[in-house]
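Every number in this text was worked out from the coordinates using simple rules, so none of it is lab data. It should be emphasised that the depicted structure is a prediction, and the values quoted were computed from it without experimental measurement. As a convention, Cβ positions derive from the backbone with ideal geometry for all residues, glycine included, and neighbour counts pool all protein chains shown.
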Amino acid sequence: MFLIYCPYCQELREEPEFHAKGQAHIARPQDPEACSDEEWGDYLFFRDNPRGIHHELWVHAIGCRKFFNITRDTVSYEILETYPMGEQPRITADRVAVDGTGREPGRTTSETSAQQKGVRA
Amino acid sequence: MSNPSSVNLFDSRADLSMAESPLAFSMSRRNVPAAGADSRVVLRERPFLGHLILRGGAIVLDEAVREELGINLPGRPQGLTLDASGERSIQWLSPDEWLLIVPGGEEFDLEGRLRQRLGDASFAIVNVSGGQTLLELEGEAARELLMKSVVYDVHPDHFPAGKGVTTVFAKTSTILRRPSDTRWELVVRRSFADYCLRWLLDAGEEYAIGVET
């Protein structure tokens, strides 16, 4: 069972309290009326299915009932970080591609692990 | 009562003599064990308390609650504060949501007074007294019983007195709180109260659980 760090409860909580809600950071088109059918269809129905780093929306359903984001590795199931709504991920597929670790350049390992609060599994 | 907001208030439980606890039927059954000398856990229902859900900004709500009840709104996650008598409590539920529990009958007046204090601030108060009930567990084996029932870590280092969480209990959810070192409280939904009671009686059998009325 995973222990997931809820950024609102500010502690590690058990997985059964959470639900996954699909891909995160899907922005609604600013002017839906001006969208082509293809753009609207993409927004509504099409989701990424990457191998590796994926940003997901989760909800702490039996808990504080707030939505938040998780950066997760779809290969290892490792949860790399959790962050509240409205924030951008620190770990992205681009960053992993550069140095293979997801670490920002110039950061020590301890700093990075302290940051990746959702990791314990 | 003058009410500056346009919200209509009505006392949903003006006459408590007509009220029936969600556990009235289960508790009246013959096979509910009574607490005895060998009971290592004692279960009590505290029915008909006033439960209010407060939503809004922590700062305005804190001010209103402090003026009305003299207790601070817990600002930290999982916080639970009680007043001097231990009768009234406020628990953090989520960053903009708190559960206020007061003795039965006080909730209607209190809601009106809080609304008056809060004026036109952005907030919501919902009286959920009829929707949930409170179960109390006391005794040396209370923690062992909870360890079998909730997924949350109830070790004293992790769950000191003055903490409360919403978590998975049995196959439903509960608000689990620890107002003092010896006492645990479960706030359960009305429709699940019977199930929760039966679960507790079943799980507590090995500790000779007894029900006190």
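Annotations
Residue-by-condition table, conditions (1) farther than 30 Å from residue B:189 by Cβ; (2) within 14 Å of chain B (Cβ to nearest Cβ); (3) of a type in the set (A, V, I, L, M); (4) touching a residue at least 60 places away in the same chain (Cβ under 8 Å):
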| site | (1), (2), (3), (4) |
| --- | --- |
| A:59 | no, yes, yes, no |
| A:62 | no, yes, yes, no |
| A:66 | no, yes, no, yes |
| A:71 | yes, no, no, no |
| A:76 | yes, no, no, no |
| A:81 | yes, no, no, no |
| A:90 | yes, no, no, no |
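- Residue in the range B:55-70 that is surrounded by 15 or more Cβ atoms within 10 Å (Cβ to Cβ) and part of a loop (DSSP other than H, G, I, E, B) present: no
- Meets criteria (among the acidic types (Asp, Glu) and assigned to a helix (DSSP H, G or I)) for residue B:206: yes
- Yes/no for residue B:39 being in a loop (DSSP other than H, G, I, E, B) and either within 17 Å of the chain's Cα centre (by Cα) or surrounded by 15 or more Cβ atoms within 10 Å (Cβ to Cβ) (or both): yes
- Scope the range B:157-188; condition surrounded by fewer than 20 Cβ atoms within 10 Å (Cβ to Cβ), among the hydrophobic types (A, V, I, L, M, F, W, C) and away from chain A (no Cβ under 13 Å); matching residues: B:161
- Candidates B:121, B:58 - the one that is touching a helix residue (DSSP H, G or I) at 6+ places or on another chain (Cβ under 8 Å), touching a residue at least 24 places away in the same chain (Cβ under 8 Å) and over 29 Å from residue B:27 (Cα atoms): B:121
- Number of residues in the range B:142-155 that are more than 11 Å from every other protein chain (Cβ to nearest Cβ) and either crowded, with 18+ Cβ neighbours inside 10 Å or without any contact (Cβ under 8 Å) to a residue 24 or more places away in the chain (or both) equals 7.
- For the range B:156-182, a residue qualifies if it is over 20 Å from residue B:101 (Cα atoms), in a strand (DSSP E or B) and without any contact (Cβ under 8 Å) to a residue 24 or more places away in the chain, and exactly one does: B:168.
- Considering residues of the range B:85-115 that are away from chain A (no Cβ under 13 Å) and under 18 Å from residue B:178 (Cβ atoms) only, the residue nearest to the chain's Cα centre (by Cα): B:101
- Residue list for the range B:70-79, filter: under 24 Å from residue B:188 (Cβ atoms) and away from chain A (no Cβ under 14 Å): B:71, B:73
- Here residue B:96 meets each of (1) closer than 22 Å to residue A:12 by Cα; (2) touching a residue at least 60 places away in the same chain (Cβ under 8 Å) with one exception, condition (2).
- Options B:20, B:97: the member that is exposed (fewer than 15 other Cβ atoms within 10 Å of the Cβ) and not β-branched (Val, Ile, Thr): B:20
- The set of residues from the range A:21-62 being among the hydroxyl-bearing types (Ser, Thr, Tyr) and either surrounded by 11 or more Cβ atoms within 10 Å (Cβ to Cβ) or within 30 Å of residue B:95 (Cβ to Cβ) (or both) comprises just one member, A:43.
- Qualifying residue in the range B:56-63 (condition: within 14 Å of chain A (Cβ to nearest Cβ), on the phi > 0 side of the Ramachandran plot, of a type outside the set (Asp, Glu) and in contact with a strand residue (DSSP E or B) (Cβ under 8 Å, 6 or more places away or on another chain)): no
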